[in-house]
Amino acid sequence: MDNYLTVFRNESGKKLVFEAYDSIINSIGIQFEEIYLPTRIGETHILASGDRKNPPLVLIHAYYASAASWYKNLKLLSEYFRVYNVDIIGDPNKSKPIKLIRQLGDFLDWFDDVMDGLNLANADFIGNSVGAFHIANLALHSPDRVKKMVLIGPAATFRQIMPFYLNTFPGGITGWSFLVNHAIKWVENGVEFDHEFKKLFFLLLKYGKATNQVFPAVFKDHELKKIKIPTLLIYGDK
């Protein structure tokens, strides 16, 4: 298929990202199965690990962080779950979109396609930032898909996140190194990333070019009250 939309500024940047991504994944010390699933909005790249007999767990990463961002968690999680570590389509990573993503409903369709492609009626979910927002939205609209969920610092969801946009988007939009470094420092918030992930995150922001035009929203109280799924919320300024 040759009609994929690029999620990178150039091929040399894409190569650097993939090298840093693979270096992190290969350093974890566990076996992965790489899966490319067709969906209505493109091919989704998934790293699967853990015994197939274990209960399924789906990981959804943060903005521009890629599936490699779960590198510190994967070894332990894979002992207890069949882990499906998903590259969000439309972000700069190994997933391959075929169209711009303009509606939040596109992500609901995408979740359905991913779950059906993995032969999963439902699963446990862990999400970080925008990944946590998408999981909460899935739980609101398709509660039968989500058994339990862990939401780590969900983007928007409960409150507006304008400081996040102001401090990170200039770097992601321009790719200028000094703005990318500012974005990383702001996200770190005094706790530095490991060198290898910091390198990957820098490259993702510098060379990434998202096809996702959907931003996380703040849910209304009556919407949040509809969510009955057991949830662990990790949320705070620090």
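The values are calculated or read from the model by the stated rules, or taken from the named source; none is laboratory data. Because the structure is predicted, anything quoted here is derived from the model rather than measured. Positions of Cβ are generated from backbone atoms using ideal geometry, with glycine treated the same way; all protein chains shown enter the neighbour counts.
Residues that are under 26 Å from Arg102 (Cα atoms) and not in a helix (DSSP H, G or I) do not occur anywhere in segment 180-193.
When we screen Asp51, Asp22 for residues that are more than 15 Å from the chain's Cα centre (by Cα) and part of a helix (DSSP H, G or I), the only hit is Asp22. Note on segment 131-172: residues that are hydroxyl-bearing (Ser, Thr, Tyr) and farther than 16 Å from Tyr64 by Cα total 2. Across segment 92-126, the number of residues qualifying as more than 14 Å from Thr39 (Cβ to Cβ) and in contact with a Leu (Cβ under 6 Å, 6 or more places away or on another chain) comes to 3.
May I ask you to verify whether Ala62 is in a loop (DSSP other than H, G, I, E, B) and closer than 24 Å to Leu203 by Cβ? Yes.
Among residues that are in contact with a strand residue (DSSP E or B) (Cβ under 7 Å, 6 or more places away or on another chain) and either modelled with pLDDT of 95 or more or among the basic types (Lys, Arg) (or both), Leu179 is not included. Can you find a residue in segment 118-127 that is buried (at least 16 other Cβ atoms within 10 Å of the Cβ) and in contact with a Ser or Thr (Cβ under 7 Å, 6 or more places away or on another chain)? No, the conditions are met nowhere in segment 118-127. For Leu200, indicate whether it is under 30 Å from Arg82 (Cβ atoms), exposed (fewer than 15 other Cβ atoms within 10 Å of the Cβ) and at pLDDT 95 or above. Considered against the rule, which asks whether it is under 30 Å from Arg82 (Cβ atoms), exposed (fewer than 15 other Cβ atoms within 10 Å of the Cβ) and at pLDDT 95 or above, Leu200 comes out as no. Of the helices (runs of 4 or more DSSP H) lying entirely inside segment 91-174, the ones with 3 or more residues being in contact with a strand residue (DSSP E or B) (Cβ under 9 Å, 6 or more places away or on another chain) are found at 104-117, 130-141.
All conditions but one from (1) assigned to a strand (DSSP E or B); (2) under 14 Å from the mean Cα position of the chain (by Cα) apply to Ile35; the one that does not is (2). Set side by side, the residues Asp51, Asp91 differ, and just one is under 21 Å from Asn128 (Cβ atoms), of a type in the set (Asp, Glu) and in contact (Cβ under 8 Å) with a residue 24 or more places away in the chain, which is Asp91. Count of segment 50-70 residues, restricted to those that are crowded, with 20+ Cβ neighbours inside 10 Å and either farther than 26 Å from Gln213 by Cβ or of a type in the set (S, T, N, Q) (or both), is 5.
Screening Pro143, Pro154, Pro163, Pro230 for residues that are out of contact with any Leu (no Cβ under 6 Å at 6 or more places or on another chain), modelled with pLDDT under 95 and of a type outside the set (A, V, I, L, M) leaves exactly one candidate, Pro163. Of all the criteria given as (1) touching a Gly at 6+ places or on another chain (Cβ under 9 Å); (2) free of Cβ contacts under 8 Å to residues at least 24 places away in the same chain, the one not satisfied by Phe164 is (1).
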